[in-house]
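Asks: Dropping the structure in here first, questions after.
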Amino acid sequence: MTVLPALRLSLLVAFSATLLVAAAGGLAGWILARRRFPGRDVAAALLSVPLVLPPTVTGYYLLVLLGRRGWIGAPLQSLAGWSIPFTWAACVVAAAVMAFPLMMRAARAAFEQIDPRHELAAASLGHGPLSILFRVLVPLARRGLTVGLVLAFARALGEFGATLLLAGNIPGRTQTLPLAVYEAVATGEDRTALVLALCLTLVSVAVMLVAERLGRSR
Amino acid sequence: MSRLEAEIVVERRSERGGEFRLEAAIAGDGITVVCGPSGAGKSTLLLALVGGLRPRSGRIALDGRPLFDAGRGVDLPTRRRRIGMVFQEAALFPHLDALRNVGFGIRGRERPARARAWLARVGAADLAHRLPSELSGGERQRIALARALAAEPRALLLDEPFSALDSASRAALGDLLVELQSASGIPFLHVTHDLGEALRLGTRLVLLERGAVVQSGIPAEVIARPASLAAARAVGTENVLSGAVLRHSAELGCSEVDLGGTVVQTCTLDLPPGARVTLGLRAEEVLIALGPLGASSARNVLEGRVETLVEVGTGVEARVATPVPLRALLTPGSVRELGLEPGTTVRLVIKASAFRRLA
Amino acid sequence: MALALWLLPQAAAPASGRWVVSVASSLEPALREAAAVWPDAGATGQPLLNAAASGLLLQQIRRGAPADLLLAASPLEIDRLVDDGLADRGSRRAIASNRLVAVAGCDGPTARRLDDLPGAAIDRIAVANVRTAPLGRYTRQALEAAGLWERLEDRLIFAESARQALDYVARGEAPLGIVYRTDARLLADRLCVAFELPPELHDPVVYEGVVLRDATRPAEARAFLDWLTTDGGRAVLARHGFLPPP
């Protein structure tokens, strides 16, 4: 039965990717929001590229980068013996790369909304940048950051194109729910496809409900 | 005793452009008030001192320790400068209650206890668990003062902290401020555009106009004797006069004030005879007449001699010695028609209500 | 995704009178040449080619993708279409056959025989998707028959088609891949054939074609299919490495 393994894998991948993206995207958003620096706009544009490129193109670039002959993949293989493609880590990487710009942009907007005097006040009270980030900026940006996280999770859950290229479609190992749906349709197994699609829908709806609740109570 | 010194040149970011030059030494023996019209650069000054802006050149030192020195490449980040700041609308952290706000800059185990002590010090002990959104403007500023001082800074900057408050709160907080400063012994730099506050709170007054210090000194003196037109503009009132109350006259509805050689009648002042008072008189409210006047409603007709005539914008400012120098604003037409020149004897005609009490 | 599956041939739907051949991806290069040299192209011109794994093509057609002719890499897909009444039984022809080979980079780790695989320093083997590509089925049959499927299962990475499996090996993602012999020729400059899989281990790889019931140009489709079985057609296929049908 393909449903349970795919569901488990999808949830694992989506949560892991969201965790990664929360840190990376939040940090990137913070840096972009802080102050102007030369090349800021270029950096922001480059980091947002996965938003506009077709997922399969992003997947292709990731494969080229992380594959055994890739700029990152080759040293990784020779130094640590690891290869990311075709493992569940590849699913996480693909999902995280696609979800990253969503979190980054939401975080940047949320941080930019904050009154700059709060940062100055906190600094004058002796706090360093990281302390200010976690004690003042993140609490004040809570709502925007939560929105970003939810968007990122949803994107990670539904990731297909880049995952297919980078992780392959290996049942039990890298076949996430969206890939399983694809294969079920491709092999004419309509009932399985329906069950899988419903699974995905239920999880997505649950995520949106949580998001609504979080967005409101804060 | 602490000392804050600064000689800096800052690029001005506002539309007015140009540079901002400041040279000031602020001692910890009282509150130094920085006054000036908006756009004079008061906030720019504070930002540069606290480290939010980098001056193009110059030096800032606190107790002899350089905070910024362009020549030697020193530029301490804000968190290392030990300079506290209080903002116009408190800018308390909205997600923390009063106690946590005050404790934000305190390090160490006894943080809650020390924060509570500071809250009590500013008269806000019962507000400890309220959020800033649940506090009034005056209460918020008390918390803001406590927060800044609890971090034990070596100087405190205040950026128009009372301008959004009603006059009762302003008075109460002003007293608190004076008390806190003398207890702490650190320099307080208080920016305001309200001259009355300068007189009430300040031991020194620095006047800013268009990005430059135009005068500094004891508040009453600076205000009474602006050294230049720029200072006078900064001060906003052309005639600032110090004097003593002589007596009151209930039937006339007036008080008499001796300005040191010239006695004037003002509307009834709520002061005992002998009390010192500072009056403001705007030049445009002073009439000039030649020759004796018939009956008029003006309580003051003062004889004097024209000392100088200076063009100011589209008008002419005449300085007349009565013997106390008073300035009057005239149109060039009037000057011509009356044939006024330095040396001309004239009469100044001033209504009692034109004298406003400044302090 | 179902949308993507059958939208593709929709887009190729002949507006100008061209007709569509859905062809197994391993057969596509040969078909391109065949379509170009087919002497009876005549008024309707060459057909449009829609290439994918045979299993995918089957699903497309089932969902109503417009195609005139299906050329699959195994009789199974054809059987299904005929049983469902979606193809013209009488037009069915076998046109070619193929062999399975193992390919590897010419100077990397390799093996000499199937039995060598478990021990070799080959940590990944690229094979086609067992459920959608006949190549995958044949590979599994062969490995199971050799008693190696369970031992090698963890090392298998599944590509969506023979071409993709080849690409994985060419890229270095997998040191070894099991593909058709005709595929190995495509990257002959970069990849070397390690060994041929004994054909008795799997069902014979027979390419069959059938004209579809909803063809817009059944006559042309049938004519083309028949031509592929003649000497002219066979010559083209042979040039690409295909063997004649058994």
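Just so it is clear, none of the values below were taken in a lab; they were calculated from the coordinates. Keep in mind it's a predicted model, so treat the numbers as computed, not measured. With ideal geometry, Cβ positions are generated from the backbone for all residues, glycine too; neighbour counts draw on all protein chains shown.
Asks: Rg over Rh of the protein assembly as shown, using C-alpha atoms and the Kirkwood radius, what does it come to?
Replies: Reported Rg/Rh, Kirkwood definition of Rh: 1.27.
Asks: Within the protein assembly as shown, which cysteines find no other Cys whose Cβ is under 4.7 angstrom from their own?
Replies: That list is A:C91, A:C199, B:C35, B:C254, B:C267.
Asks: Give me B:C267, A:C199 sorted ascending by neighbouring Cβ count inside 10 Å, so fewest comes first.
Replies: The most exposed by this proxy come first: B:C267, A:C199.
Asks: Near the amide H of B:V312, under 5 Å away, which other amide H atoms are found, from residues 5 or more places off or on another chain, if H is placed in the peptide plane?
Replies: Amide H neighbours of B:V312, under 5 Å, 5+ apart: B:E317.
Asks: To continue, here is another question. With contacts defined as alpha carbon pairs under 8 Å and 6 or more residues apart, what's the relative contact order of chain B in percent?
Replies: 16
Asks: Provide the packing ranking of C:120-126, C:81-87, i.e. peptides ordered by the mean count of other C-beta atoms within 10 Å per residue, highest first.
Replies: Highest mean packing first, the order is C:120-126, C:81-87.
Asks: Other chains' Cβ within 10 Å of C:169-176 residues: what's the mean?
Replies: The shielding value for this peptide is 4.
Asks: Within a 10 angstrom radius of each residue's Cβ in B:85-93, how many Cβ atoms of other chains show up on average? Whole number is fine.
Replies: Across the residues of B:85-93, the mean count of other-chain Cβ atoms within 10 Å is 4.
Asks: Separate question: Counting only C-alpha contacts under 8 Å and six or more residues apart, can you give the relative contact order of the range C:100-196 as a whole percent?
Replies: 47
Asks: When B:K351, B:K42 are ordered from fewest to most other Cβ atoms inside 10 Å of their Cβ, what list results?
Replies: B:K351, B:K42
Asks: For chain C, what does the relative contact order come out to in percent, with C-alpha contacts under 8 Å and a separation of six or more?
Replies: Reported as a whole number, the value is 29 percent.
Asks: At what distance in nm do the modelled label points of C:L187 and B:A171 sit from each other, each positioned 7 Å from its Cα along Cα→Cβ?
Replies: Calculated label separation equals 8.9 nm.
Asks: Mean Kyte-Doolittle of at least -1.0 and a Cα length of 24 Å or more along the axis: which whole DSSP H helices of chain A meet both?
Replies: A:3-34, A:88-112, A:190-217
Asks: Just name one of A:S204, A:L120, A:L51: the one whose Cα is farthest towards the positive end of the charge dipole of chain A (beta-carbon charges, Lys/Arg +1, Asp/Glu -1).
Replies: The one lying farthest along the dipole's positive direction is A:L120.
Asks: If packing is taken as the mean number of other Cβ atoms within 10 Å per residue, what is the order of B:111-119, A:172-180, highest first?
Replies: Put in order of decreasing packing, that is A:172-180, B:111-119.
Asks: Taking the Cα centre as origin and putting +1 on Lys and Arg beta-carbons and -1 on Asp and Glu beta-carbons, what dipole magnitude results for chain A, to the nearest 20 debye?
Replies: 640
Asks: Roughly how large, in nm² to one decimal, is the mean projection of the convex hull of the alpha-carbon atoms in chain B?
Replies: Approximately 21.6 nm², given one-decimal rounding.
Asks: OK, next. Report Rg/Rh for the range C:100-196, rounded to two decimals, where Rg is the Cα radius of gyration and Rh the Kirkwood radius.
Replies: 0.91
Asks: Roughly what % antiparallel, to the nearest 5, for the DSSP beta bridges in the range C:100-196?
Replies: If I count the DSSP bridges inside the range C:100-196, around 60 percent turn out antiparallel.
Asks: Just counting partner chain Cβ atoms within 10 Å, what average do the residues of peptide B:144-150 show around their Cβ?
Replies: Per residue, the number of nearby Cβ atoms from other chains is 1 on average.
Asks: Continuing with the same structure: Taking the convex hull of the Cα atoms, report for the range B:253-359 its projected area averaged over all directions, in nm².
Replies: So the mean shadow area of the Cα hull is 7.0 nm².
Asks: Place +1 on the Cβ of every Lys and Arg and -1 on the Cβ of every Asp and Glu in the protein assembly as shown, take the dipole about the Cα centre, and give the residue among B:A298, B:S163, A:A154 whose Cα lies farthest towards its positive end.
Replies: Toward the positive end, the furthest listed residue is B:A298.
Asks: Next up: Starting with the fewest neighbours, write out C:F224, C:F195 ranked by other beta-carbon atoms found within 10 Å of each beta-carbon.
Replies: C:F195, C:F224
Asks: While we're here: Place +1 on the Cβ of every Lys and Arg and -1 on the Cβ of every Asp and Glu in chain C, take the dipole about the Cα centre, and give the residue among C:T132, C:L143, C:G233 whose Cα lies farthest towards its positive end.
Replies: Of the options given, the answer is C:G233.
Asks: Give a residue-ordered list of calculated ³J(HN,Hα) values for the range B:336-345 (Karplus: 6.51 cos²θ - 1.76 cosθ + 1.60, θ = phi - 60°; whole Hz; x for Gly, Pro).
Replies: Once θ is set to phi - 60°, the couplings for the range B:336-345 become 5, 4, 7, x, 7, 8, x, x, 5, 8 Hz.
Asks: Placing unit charges on C-beta atoms (Lys and Arg positive, Asp and Glu negative, everything else neutral), compute the dipole magnitude of the protein assembly as shown about its Cα centre in debye, rounded to 20.
Replies: Dipole about the Cα centre, nearest 20: 1440 debye.
Asks: Moving on. Take peptides B:268-279, C:103-114 and line them up by average Cβ neighbours within 10 Å, highest first, as a rough protection proxy.
Replies: C:103-114, B:268-279
Asks: By its C-alpha gyration tensor, with a ≥ b ≥ c as the square roots of the eigenvalues, how is chain A shaped: rounded for a/c under 1.5, else prolate for a/b larger than b/c, else oblate?
Replies: Verdict is oblate for chain A.
Asks: Give me the dipole magnitude in Debye, nearest 20, for the range B:101-155 about the Cα centre, with unit charges on the beta carbon: positive for Lys and Arg, negative for Asp and Glu.
Replies: That gives a dipole near 240 debye.
Asks: What distance in nm lies between label points placed 7 Å from Cα along the C-beta direction at A:R35 and C:A41?
Replies: The two pseudo-label positions are separated by 6.7 nm.
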